[in-house]
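Have a look at the structure below, then the notes.
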Amino acid sequence: MSFLSILCFFLCFSSALSTNSEGNALHALRTRLSDPNNVLQSWDPTLVNPCTWFHVTCDTSNHVVRLDLGNSNVSGTLGPELGELKHLQYLELYRNNIGGKIPKELGNLDKLISMDLYGNKFEGKIPKSFANLKSLRFLRLNDNKLTGSIPRELTTLSNLKIFDVSHNDLCGTIPVDGPFASFPMESFANNRLNGPELKGLVSYDFGC
Ligand SMILES: *[C@@H]1O[C@H](CO)[C@@H](O)[C@H](O)[C@H]1NC(C)=O
């Protein structure tokens, strides 16, 4: 074997591996989901990348930028590997039967523009790590079974335009700082929330 072919073996192989880390992350997601309508049938992990899979969209560099599985009748849970989709801009998982906790690793997706998890069975807390999602404009978590208080860290998300946590089981008070100054009260309806927090009074987990 020539030096070049040995070099290519390492370089080409490692670059194929790194491209497919996103495919591996998506395939790990598939193994966690029950899929009675076979919407994930095209998700073949032996392909070089996941860019030809249905419900997955890539950019021109073959990085996954969208995952569109709204209204797909899938159930199961999400796992930490979703945090490896570093280029993801749209995470659309609305109106399914997905349960368990929302992985804190979703806070690694710092290119994310829209996260729609509404209409599922998610439980546990809203991860504080979502405060890292500085590009986020749309965050809809309504119609789940989320508990705990709304993390104050989310008030630093200056691009947030839509925030909906209605119809959960959240407690404490509603933040009033940053983008929260402009969200309508309907976004918080049907929880156990105590109303807007009073300026300067740290009472948000009172009764939580
Ligand atoms: C969703 O999946 C369930 C099985 O888990 C099935 O009984 C039902 O018909 C499916 N619904 C739709 C709208 O396809």
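Some observations on this one:
- Residue in the range 90-111 that is assigned to a loop (DSSP other than H, G, I, E, B), out of contact with any helix residue (DSSP H, G or I) (no Cβ under 8 Å at 6 or more places or on another chain), away from the ligand (no atom under 16 Å from the Cβ) and modelled with pLDDT of 95 or more present: yes
- Candidates E92, E81, filtered to the one that is surrounded by 17 or more Cβ atoms within 10 Å (Cβ to Cβ) and touching a strand residue (DSSP E or B) at 6+ places or on another chain (Cβ under 6 Å): E92
- Condition broken by L67, with the remaining ones in (1) out of contact with any strand residue (DSSP E or B) (no Cβ under 7 Å at 6 or more places or on another chain); (2) away from the ligand (no atom under 16 Å from the Cβ); (3) under 22 Å from P36 (Cβ atoms) satisfied: (1)
- Qualifying residue in the range 30-40 (condition: away from the ligand (no atom under 16 Å from the Cβ), crowded, with 18+ Cβ neighbours inside 10 Å and free of Cβ contacts under 8 Å to residues at least 40 places away in the same chain): no
- Looking only at the range 133-159, and only at residues there that are surrounded by fewer than 18 Cβ atoms within 10 Å (Cβ to Cβ) and out of contact with any Lys or Arg (no Cβ under 9 Å at 6 or more places or on another chain), the one that is nearest to E84 (Cα to Cα): K134
- Taken together, the criteria exclude L136 from residues that are outside any loop (DSSP other than H, G, I, E, B) and away from the ligand (no atom under 16 Å from the Cβ).
- Residues that are at pLDDT 95 or above and in contact with a Cys (Cβ under 7 Å, 6 or more places away or on another chain) occur in the range 64-87; there is at least one.
- Looking only at the range 159-176, residues that are part of a loop (DSSP other than H, G, I, E, B) and in contact (Cβ under 8 Å) with a residue 24 or more places away in the chain come to 10 in all.
- Filtering the range 143-158 for residues that are at pLDDT 95 or above and in a strand (DSSP E or B) leaves a non-empty set.
- Residue check, D35 farther than 19 Å from T77 by Cβ and acidic (D, E): no
- Checking each residue in the range 27-57 for being among the β-branched types (V, I, T), part of a loop (DSSP other than H, G, I, E, B) and either at pLDDT 95 or above or touching a Phe, Trp or Tyr at 6+ places or on another chain (Cβ under 9 Å) (or both) picks out only V39.
- Residue list for the range 112-131, filter: assigned to a helix (DSSP H, G or I) and surrounded by fewer than 19 Cβ atoms within 10 Å (Cβ to Cβ): K128, S129, A131
- Selection over the range 167-177 of residues that are buried (at least 19 other Cβ atoms within 10 Å of the Cβ) and within 22 Å of R95 (Cα to Cα) gives a count of 2.
The values are calculated or read from the model by the stated rules, or taken from the named source; none is laboratory data. All of these numbers come straight from a predicted model, not from anything done at the bench. Methodologically, a virtual Cβ is constructed for each residue, glycine included, from the backbone with ideal geometry; neighbour enumeration extends over all protein chains shown.
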